[in-house]
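Bear in mind that the values in this text are calculations on the coordinates, not laboratory data. Keep in mind the model is a prediction, meaning the values are calculated, not measured. Every residue, glycine among them, receives a Cβ derived from its backbone with ideal geometry; neighbour counts consider all protein chains shown.
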């Protein structure tokens, strides 16, 4: 029994984020090494889930919607409302982009809450990869629509001439910091939540094996774990929503220039 | 010696959470205040509040990231 406890026991709360390699292929012919890791596997699962959800909600092109279609339509409607309130009429062209981002981030947050699974969004390569790509795309879009007038974004209206050089520097830095902060927010939230759950469950496990009195007391931290799991589900939704909303507001800067 | 310095540094990094706590409190206090003044725009205010909450919480999580960097690097 003691050996079982010692092997199951997880000492490091960051151990759950370790990337493991399942198999790889490569050699002199291919030149590079292609490997399937657990983050790759989970990203594939999330992609299949997104595609499967969309396929199920088509409901064989029937006019009467099924339950899947109603879920999909209400999600679609709320994202469309968000775009209308942040960007306006011009932003409706970006609805498929923002909708895909919302669904992908949401499902990769939620899949990590399945016990013994891996969270793809708890890696910086996920969040910062997304946000850097979004910032590059938004900048290209801004230059395409406004040409050199896009630099007007870095000078707030009504600035005295003496303050312009300082403000341009500050605004440029804050514009470029978006690439980091957007992804860092999502990733840090996911890491923080999962580490919190792991530390709490370690604490509870120590109380459970401690003795009969501690076993009774351990009901209290156990209730906390359940409450935190509920909070984590809420945070998964909130972070996906915030990620989409901030992407929409960056698009708004590029399309409408403040 | 280095190990204990790391642990002390990670503990000091959590002081930053005081600011995040004050910030989240301010965000929700503003929501309660403005809902009491004008209950008809509650839904619109709530979405702004969630955005403000997430932005404030992220600042607190930067302190967490610093603590991890100090502990595990």
**Descending Cα extents along the principal axes, the protein assembly as shown, whole Å** = 70, 58, 55
**Asked** Can you give the three extents of the C-alpha atoms in the range A:85-125 along their principal axes, from longest to shortest, in whole Å?
**Response** 44, 19, 15
**Fill in**
Residue-normalised 222 nm signal for the protein assembly as shown, counting each DSSP H run of n ≥ 4 as -39,500 (n - 2.57), nearest 500 deg cm²/dmol, is -25000 deg cm²/dmol
**Request:** For chain B, state the average projected area of the convex hull of the C-alpha atoms over all orientations, rounded to one decimal in nm².
**Result:** 4.9
**Request:** Neighbouring Cβ atoms within 10 Å as the yardstick, rank A:194, A:146 fewest first.
**Result:** A:146, A:194
**Principal-axis tilt of helix A:219-256 within chain A, Cα atoms, nearest 10 degrees** = 20
**Message:** Output the 0 to 90 degree angle, nearest 10, between the alpha-carbon long axis of helix A:164-208 and the longest principal axis computed from the alpha carbons of chain A.
**Reply:** 10
**Where labels lie 7 Å past Cα in the beta-carbon direction, separation of residue A:154 and residue B:5 in nm** = 4.0
**Prompt:** Angle between the Cα long axis of helix A:67-86 and the longest principal axis of chain A, 0 to 90 degrees, nearest 10?
**Reply:** 40
